[in-house]
1. Taking loop as defined by DSSP and a crowding limit of 11 other beta carbons within 10 Å, which GluC sites (Glu not before Pro) in segment 248-331 fit?
2. How high is the relative contact order of segment 371-410, in percent, counting Cα pairs under 8 Å that sit 6 or more residues apart?
3. Note down the magnitude of the dipole of segment 123-196 about its Cα centre, charges +1 on Lys and Arg C-beta and -1 on Asp and Glu C-beta and zero elsewhere, to the nearest 20 debye.
4. How large is the charge dipole for segment 215-339, taken about the Cα centre, if only the Cβ atoms of Lys, Arg (+1) and Asp, Glu (-1) carry charge, to the nearest 20 debye?
5. In whole Å, how far is the Cα centre of segment 235-295 from that of segment 119-147?
6. For every other residue with a beta carbon closer than 10 angstrom to the beta carbon of residue 279, add +1 if it is Lys or Arg and -1 if Asp or Glu, then tell me the sum.
Amino acid sequence: MTNDDPRGPGHAPGEPFRPPWERRFPAPPAPAGQPPREEVTPEHPPSGAQPGPAQGGWSRPRPLALAGMVLATAILGGLVGGVVVAALLERSDEDAGQDGGARAAVLTVEQTSAIAEVAAAARPGVVRIESIKSTPTGQEQDIGSGVVLDEAGHIVTNAHVVIGTDSLKVVLADGTERPAVLVGHDFPFSDVAVLQIGPGGLTPIPAGDSAALRLGETVVAIGNPLAEFDGSVSVGVISGLDRVRVFDGVRQADLIQTDAAVNNGNSGGALLNLSGQFVGMPTAVLRQSRSGSTVEGIAFALPANRVLQVANQIIANGGPIERPSLGLEHIEITAENSSRLPRTAVNEGAMVAAVAPGGPAAEAGIRVGDVITTIGDAAVDRSNPLYNALMTHAPGDTVRVVLNRNGRIIEVEVRLAKRS
């Protein structure tokens, strides 16, 4: 039987004409035990249908019906595809959210656990240093922090915490108090000092390699801020390495910058990596920019490699490191203080403020008001202060010193003394 019905194939007699996009979908599969239901689609003829006379096969739709079928297929495919894609995307987002959240949660838990473990292990190795200093108005007490170096009782701290004091006392983490003596310091060259207390019951903090620190690495600071919050723990990251600042007239070119909270009293304490190793010593906090703007979250620490090198040398010497001295006091000529100094013929160098009687400078004929511009072969300027120029020499060396005295260039030789 030929299919000459103008409604096209797939329509039972008497069924109203529908365009292809309105035709019914294939029938659902028959339940088990029943004969399969007949599927009726435009592409597949019903059982028993014969090929059409013109095509030798199932007749194709007319051009209008073809266009409608293409449009219907596109719309239907778009809708179905959109639903499928949306479902897949939603599922992917859920999976990603669950996996990412799980990873973040694991990372947070692991990092928090590591910080807590570091704090618990290192806290006994950070001590409170109490100093008493005589002043014109009486006695002044100051508080700082220190780090236990060994079981023999050596404590390393910042030199500015302990120099010029009349008495020193160390308070351990458990509250035990022990008198302390100053073994030696390296002020102002490296701002490191070593104390010693009685041995026994001490927990040294293991040394780390400060040269291995990386930007963004998490660090833990432990100290005694504001003289009342003993053993405070703060957490931050390594914000910068090899930072350059001038402290006490010395250009420090290897400072560690961190945003871990550090305040007065933290000086001389511990900066630790997540392995619980001593990698730095907090020494200064930047509160104000050169323009006067308020600054937050910028603290500096001395790298542990240099701290321990100086401390071990002090311990080996049984006293301070031998450093050279010119036997004078000076003021660096900088943009910040040049307006407060007498007018000079040069805008860089070190102005002599005082000369020790009988010292090396006095014997060489150096006078108050002279500006030192060169020591040895090194220029004395803002990038290389006088102390930095001296650090390359040793006591007993004879060095060439170039002066500017009211516009006159004077060259003298000075035999350097040992710093007292």
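What follows is calculated from the coordinates using simple rules that are stated; it is not laboratory data. It should be emphasised that the depicted structure is a prediction, and the values quoted were computed from it without experimental measurement. As a convention, Cβ positions derive from the backbone with ideal geometry for all residues, glycine included, and neighbour counts pool all protein chains shown.
1. Listed in order of number, the matching sites are 296.
2. Relative contact order, segment 371-410: 49 percent.
3. Dipole about the Cα centre, nearest 20: 100 debye.
4. Roughly 160 debye, rounded to the nearest 20.
5. 19 Å
6. That works out to -2.
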